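The values are calculated or read from the model by the stated rules, or taken from the named source; none is laboratory data. Note that this is a predicted model, so its numbers are computed, not measured. Every residue, glycine among them, receives a Cβ derived from its backbone with ideal geometry; neighbour counts consider all protein chains shown.
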Amino acid sequence: MSPEATVRRFPNAAWRGPELGDSARWVTVLTPAQRAAIAELGLSLESRGISEMEAHKPSSSEAGQWAILQDAMRDVRKELREGRGFVLMRGFPVSELSPQATKLAYAALGSMLGAAMPQNKRGELIHDVRDTGASKVDPNVRLSITNAEQDFHTDAADLIGLLCLQKSKSGGVSRIVSSVTVYNEVAAVRTDLAALLFEPWYFHMKGEQAAGALPYFQLPIAHDIGGRLSSFFIAWYIRHAEQLEGVPPLTPAQQEALDLYEATANRADLYLDMHFEPGDIQWLKNSVILHKRSEYEDWPEPERKRHLLRLWLAAPDFQDGIVALRQGHKVAA
């Protein structure tokens, strides 16, 4: 797939961060009516005692709030599906809702974009992204539960949502980049390495495999899906997989391809930074967006520690989605 082809087929997805410096182009601010609808819906869902899995089923008394929010999410969904592949939504009323009502309202919003997927073998539909004190060097630990930097990567879903409940004392900046642009830049200088991205790579399962299953899986980084470029990339999962029995070491060319891809994604003329505030939701389409988080320092008070809620969503009508990633993790019996 040539750079010219990817730009032609993705005129909006092949963006450069400095060209999007005006946040008004990618920030959606919830209106007072929409904020009120979220708060009312969250309280109602909580009062019904339902689970996050059932939050996509409004009752007749919730129809009004549902209609208001569907209008807002319709535009978000269109931008994710046909546009740049990301939206920052501001104004979710986290201060007006209990933790459970917040999760239920958030799950309801997410259901207007896609179906919630289990994010681990425990079956979590909403994952708490916060520092638990877990080891940063244990290959079986997912970095989302540490305060360590996470370099550019995608998640294993069509869409990801990140709702900010508390921001960190310092650091924790969210950085995103167009994987379409990254691929184009790599292909422009090293077509041989770009071609390797379409071959299968080994990824570490981070201990999330089902009982008796292999601790790794294989998937290309770049996919040509009906003429559309889609990407799946977690470099440290690839490097950690080398430590597993049955996984061959990276070839020099593969190592060079990984290094060039990461270095390209980290170019200041390509990426875009976002600073989360409580009530912000970052929506991303994984097939065209890589995201990264800088290392952060927490406040000493437990209630002020950085805390995000993550959703993984499957959207089968998104034609550039990677089908193998739409099942989520197998839940342990």
Worksheet item: So which residues in the range 217-245 are more than 23 Å from Lys292 (Cβ to Cβ), free of Cβ contacts under 8 Å to residues at least 40 places away in the same chain and in contact with a Phe, Trp or Tyr (Cβ under 9 Å, 6 or more places away or on another chain), if there are any at all?
Response: Gln218
Worksheet item: So how many residues does the range 255-283 have that are among the charged types (D, E, K, R) and without any contact (Cβ under 8 Å) to a residue 24 or more places away in the chain?
Response: 1
Discussion item. All but one of (1) of a type outside the set (Asp, Glu); (2) touching a Gly at 6+ places or on another chain (Cβ under 7 Å); (3) over 24 Å from Tyr261 (Cα atoms) hold for Leu159; state the number of the condition that does not hold.
Written reply: (3)
Discussion item. I'd like the full set of residues that are within 18 Å of the chain's Cα centre (by Cα) and at positive phi, limited to the range 206-231.
Written reply: Lys206
Item to complete: Check Leu69, Leu113 and return the single one that is crowded, with 18+ Cβ neighbours inside 10 Å, among the hydrophobic types (A, V, I, L, M, F, W, C), in a loop (DSSP other than H, G, I, E, B) and at pLDDT 95 or above.
Response: Leu113
Practice prompt. Spot the failing condition for Ser230; the list is (1) among the polar types (S, T, N, Q); (2) closer than 30 Å to Pro99 by Cα; (3) outside any loop (DSSP other than H, G, I, E, B), and only one is missed.
Written response: (2)
Practice prompt. Specify the residue that is surrounded by the fewest Cβ atoms within 10 Å (Cβ to Cβ); the eligible residues are those in the range 284-302 that are touching a residue at least 24 places away in the same chain (Cβ under 8 Å) and charged (D, E, K, R).
Written response: Glu297
Discussion item. Take Asp280 and tell me if it is touching a Pro at 6+ places or on another chain (Cβ under 9 Å), modelled with pLDDT of 95 or more and charged (D, E, K, R).
Written reply: no
Worksheet item: Checking Pro249 against (1) surrounded by fewer than 20 Cβ atoms within 10 Å (Cβ to Cβ); (2) in contact (Cβ under 8 Å) with a residue 12 or more places away in the chain; (3) not polar (S, T, N, Q), which single condition isn't satisfied?
Response: (2)
